[in-house]
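The values are calculated or read from the model by the stated rules, or taken from the named source; none is laboratory data. As the structure is a computational prediction, the values presented were derived from the model and not from experiment. Here the Cβ positions follow ideal geometry from the backbone for every residue, glycine too, while neighbour counts run over all protein chains shown.
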Amino acid sequence: MKDLQEFSEKVIQNVEKIIIGKREEIKIVLAALLCEGHILIEDVPGVGKTQLAKAVARSIGCSFARIQCTPDLLPSDITGLNVYNQKTGDFEFKSGPICNQIILADEINRATPKTQSALLEAMEEKQITVDGSTRKLKKPFMVIATQNPVEYEGTFSLPEAQLDRFIFKLSIWYPTEETEKEILARHRSHNPMDDIQVVVNSEEVINMQKVIADVHVDITLMDYIVKLVAKTRESNKLYLGSSPRGSLAIFSGSRAVAALSGRNYVIPDDIKFLVPFALSHRIIFKSDVRQNSSLISSFFEEIFQAVPVPV
């Protein structure tokens, strides 16, 4: 696990050259990468969502593509299509941006449901199907999708089935005043993105993904995860609790967080750290709670208090 901890520090320090004061958020992205999962970032414009995706892709030596989602975007604009070559008399496949390794689906909720669904097969099966022909996507593969929480006009809300495909949901939010001063200072002479170098390669990432399976999760902690998720299904504040995929997200994510911390075993704090990121997009609050942000923020604390921490 020492190699994984060193991997974590190298990537985090590299990304922090441009994403300042957001170590926890970078760690969540790396945990999702090691779990072969995908990230949904719901945040206001201009806080560094695109920069975070580009910096992570460049740090691990992976190909990167940005898909700017708009209402007129077609599924073939994402997956690619077969084009007839008059010289050869054959159809040739022209790959779309989804055939890269790290994908930024910017403002995903501006794309129509049909186009959004073009991402489902790629996210779940790590493959695409065009005209009946299936093509495997190159590993490591991760989709980082963003959406704006304050604009609703001209958007199409992601259905629960697609939200469930994202292992974690996070927000970067505004920096502190001191951090914002540091951001201005770093942009004084050049673009800090030019300082982002490749610190590990994609083969190393694939090997790190395999190591996660060796991280031990005690049976009492598995029971703890199940009880925490079950509490969301019993709460009178929710219309809908988390699916079993929420339990799996916490389970695999906690192993990744433990490994990134240099441990080959999971502790309760790893689980508690991940619960809000793994479950917030898998539950539906009742309307009276949804309009009160303080109630939402205290919801997970109530769950933690209701379920005893295993000793």
Test: residue in the range 205-227 that is β-branched (Val, Ile, Thr), crowded, with 17+ Cβ neighbours inside 10 Å and over 26 Å from CYS62 (Cα atoms):
yes
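Filtering the range 32-51 down to residues that are among the hydrophobic types (A, V, I, L, M, F, W, C) and more than 9 Å from the chain's Cα centre (by Cα), which residue is modelled with the lowest pLDDT?
VAL44
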Of the listed residues (GLY46, GLY61, GLY37), the one being surrounded by 20 or more Cβ atoms within 10 Å (Cβ to Cβ), closer than 30 Å to PHE273 by Cα and not hydrophobic (A, V, I, L, M, F, W, C) is GLY37
Positions within the range 256-271 being surrounded by 19 or more Cβ atoms within 10 Å (Cβ to Cβ) and part of a helix (DSSP H, G or I), in sequence order:
ALA256, VAL257, ALA258, ALA259, LEU260, ASP270, ILE271
For ALA249, are the conditions met, namely being among the aliphatic types (A, V, I, L, M) and over 17 Å from the mean Cα position of the chain (by Cα)?
no
Evaluate the range 112-122: report whether one residue or more is hydroxyl-bearing (Ser, Thr, Tyr), touching a helix residue (DSSP H, G or I) at 6+ places or on another chain (Cβ under 7 Å) and either outside the structural domain of PHE156 (by TED's automatic domain parsing) or within 18 Å of PHE166 (Cα to Cα) (or both).
yes
Which listed residue, of PHE7, PHE64, is within 19 Å of the chain's Cα centre (by Cα) and modelled with pLDDT under 90
PHE7
Within the range 120-136, identify whether any single residue is touching a residue at least 12 places away in the same chain (Cβ under 8 Å), crowded, with 20+ Cβ neighbours inside 10 Å and out of contact with any Lys or Arg (no Cβ under 9 Å at 6 or more places or on another chain), and answer yes or no.
yes
